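K.L.:
Here you go, one structure.
Only the coordinates and a few stated rules stand behind these numbers; no lab work does. Bear in mind the structure is a predicted one, so any value in this text is a computation, not a measurement. Because the Cβ atoms are built from the backbone with ideal geometry, glycine has one as well, and the counts that use them run over all protein chains shown.
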Amino acid sequence: MFNRKAYEMGAAPNQIRQIFEYGRQQSRLLGEDKVFDFSLGNPSIPAPEKVNQSIKTLLDTESSIRIHGYTSGVGGDLLREAVAKNLSERFGVNAGMENVFITCGAAPALQAVLVALRTEKSEIIGIAPYFMEYKAFTEANGSRFVLVPADMEKFQVNIPALAEAVSENTQAVILNSPNNPSGAVLTEETLRAVAKLLEERSAQYGHPIYIIADEPYRELVYDGAKVTFIPTIYRNTIVCYSWSKSLSLPGERIGYVYVPEEATDSKELFFAVAGAARASGHICAPSLIQRAVAESIDCMPDLEAYDVNRKLLYGSLTEMGYDCVKPDGAFYLFVKTPGGDNSVFCEKAKKKNLLVVPSEPFGVEGYFRLGYCVSKEMIERALPTFREVLEEMQNSR
């Protein structure tokens, strides 16, 4: 006997990973230059030199026992203090280290928060398009996942649909800005509308409805786009963050949960997050990378390569006749499928080793996602294939 729910999650295919593994197989057979893999959001710019230098210096100067030993379960003081100082200085909040819980990346951060908020009839709202694991995380933790249909014009929040979805059982709304998969940045106007709605419903139902701000792409924005720090406009916000994208450290698995002092029942909520992390085994994040990030926390990513790719891919595809909203952040392009049939388009593309991710797992039909965190040269080689697939779709109508 074993956990049937765990089995179902493990056996269920992850389309992104499946496509990525297919691309690896084809690259071995045909050569990497024959495969155009836009499936995975794996940073393609190097980590800032300060991160690498910090690791080298720590290894050369610190006690091996100290830098490889356990930190406190909630994280080391140096990193927690550094996060609190960084948030306070950048966003004008009053953060202290007691508000920061260090995690093994954004996924365990989200998991811990979702478990902490679980009640007998709890519901968690996701806004389409959404990172596909939100539903899996929510349901695995015993809550009900409620999907709000997308605003298909600009990929903001469909406020009337959100108002309809919020109920007395709603514990939280997950917001992801910049968004995976659309690259959209939620405007302050949108966020204030969400905050107003949740404040009204919290008062009506007699309990707080939290915003879970999933922010791994916070620093990846272009053309002067502004990412509003949601706790500055809605006090009942819980921030989940990762340095995977901003410092190009996805393999190091390091992030945090920030529970603002101003949030309702903040101390109890923080301990609930800590207890949920403890129950799942996600405590005491890797010590060496904690120290290195603490010393590099003010580093910002060099986004020039991503921006070049963004403009090249968006400009080239729209010129060909593809339709998409220009992304303001992250490193994804969300493109409307020519002819509307995603399965046909993606299969035609796959046969030419053009690997894209269909939009259905993100809660939207008729789109596909491209990760432009790849080399510019691969994009240039792939453009003729994009044109070929488009022409085949047009000729098959």
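K.L.:
Under a straight-distance cross-link criterion of Cα-Cα below 22 Å, which lysines are reachable from K154, leaving out those fewer than 8 residues away in the same chain?
P.N.:
Cross-link targets: K196, K226, K311, K326, K336.
K.L.:
Not counting the cut sites, what is the longest span of the chain without GluC sites (Glu not before Pro) that DSSP labels loop and that have at most 10 other Cβ atoms within 10 Å?
P.N.:
154-397
K.L.:
Return the single residue from F91, F334, F36 with maximal mean-square fluctuation; model: Gaussian network over the chain, springs between Cα atoms under 10 Å.
P.N.:
Taking springs between Cα atoms under 10 Å, the residue moving most is F91.
K.L.:
If you plug each phi of the stretch 361-366 into the Karplus form 6.51 cos²θ - 1.76 cosθ + 1.60 with θ = phi - 60°, what whole-Hz ³J(HN,Hα) values come out, in order, with x for Gly and Pro?
P.N.:
Result, rounded to whole Hz: x, 8, x, 9, 9, x.
K.L.:
In nanometres, what is the gap between the two model label sites at N395 and T318, each 7 Å from Cα along Cα-to-Cβ?
P.N.:
About 2.8 nm, to one decimal.
K.L.:
Turning to a different aspect of this structure: State the percent of C-alpha pairs, over all pairs in the chain, separated by a distance greater than 26 angstrom.
P.N.:
Roughly 55 percent, rounded to a whole number.
K.L.:
Another question, if that's okay. Given springs between every Cα pair under 10 Å in a Gaussian network model of the chain, which of G251, G105, G315 has the largest fluctuation?
P.N.:
Most flexible of the set in this elastic network: G251.
K.L.:
Per 0.36 nm of contour for each residue apart, how much would the distance between E168 and A136 grow if the chain were fully extended, relative to their Cα-Cα spacing?
P.N.:
Fully extending the segment from E168 to A136 adds 9.3 nm.
K.L.:
Follow-up question, since we're still on this one. Test of understanding: in a Gaussian network model of the chain with alpha carbons linked when under 10 Å, which of D323, D77, D223 would top the mean-square fluctuation ranking?
P.N.:
D223
K.L.:
Let me ask you something else. Taking only Cα atoms, what is the 0 to 90° angle, nearest 10, from helix 287-296's long axis to the longest principal axis of the chain?
P.N.:
80
K.L.:
7 Å from Cα along Cα→Cβ at both E304 and D265: what's the point-to-point distance in nm?
P.N.:
Between E304 and D265, the label points sit 5.0 nm apart.
K.L.:
Against the longest alpha carbon principal axis of the chain, how many degrees, from 0 to 90 and to the nearest 10, is the axis of helix 15-30 turned?
P.N.:
That helix lies at roughly 50 degrees to the long axis.
K.L.:
Shifting gears a bit: Which length gain, in nm to one decimal place, applies between E199 and R24 when the Cα-Cα distance is subtracted from 0.36 nm times their residue separation?
P.N.:
Roughly 58.2 nm would be gained on extension.
K.L.:
Of V227, A150, L58, which is farthest along the charge dipole of the stretch 49-296 in the positive direction, counting Lys and Arg as +1 and Asp and Glu as -1 at C-beta?
P.N.:
L58
K.L.:
Report the label-to-label distance for E89 and Q53 in nanometres (one decimal), using points 7 Å from each Cα along the Cα→Cβ vector.
P.N.:
Roughly 1.7 nm, to one decimal.
K.L.:
To make sure I understand, if each residue's beta carbon is the centre and we count other beta carbons within 10 Å, what order do L383, L247 fall in, fewest to most?
P.N.:
L383, L247
K.L.:
In what order do H207, H68 fall by count of nearby beta-carbon atoms within 10 Å, going from fewest to most?
P.N.:
Going from least to most buried by this count: H68, H207.
K.L.:
Let me have the relative contact order for the chain, percent, based on Cα pairs under 8 Å that are six or more residues apart.
P.N.:
Relative contact order of the chain: 24 percent.
K.L.:
Assuming R0 = 35 Å, can you tell me the calculated FRET efficiency for the pair E380 and K226, based on Cβ-Cβ distance, to the nearest 0.05?
P.N.:
Between E380 and K226 the formula returns 0.65.
K.L.:
Between N42 and S72, what is 0.36 nm times their sequence separation minus the Cα-Cα distance? Round to one decimal in nm.
P.N.:
Stretched fully, the N42-S72 segment lengthens by 7.8 nm.
K.L.:
Considering only DSSP beta bridges whose two residues both sit in the chain, what percent are antiparallel, to the nearest 5?
P.N.:
So the antiparallel bridges amount to about 45 percent of the total.
K.L.:
Kindly express, to the nearest 10 degrees and within the range 0 to 90, the angle between helix 304-320's C-alpha long axis and the longest C-alpha principal axis of the chain.
P.N.:
Taking Cα atoms only, the helix is inclined about 40 degrees.
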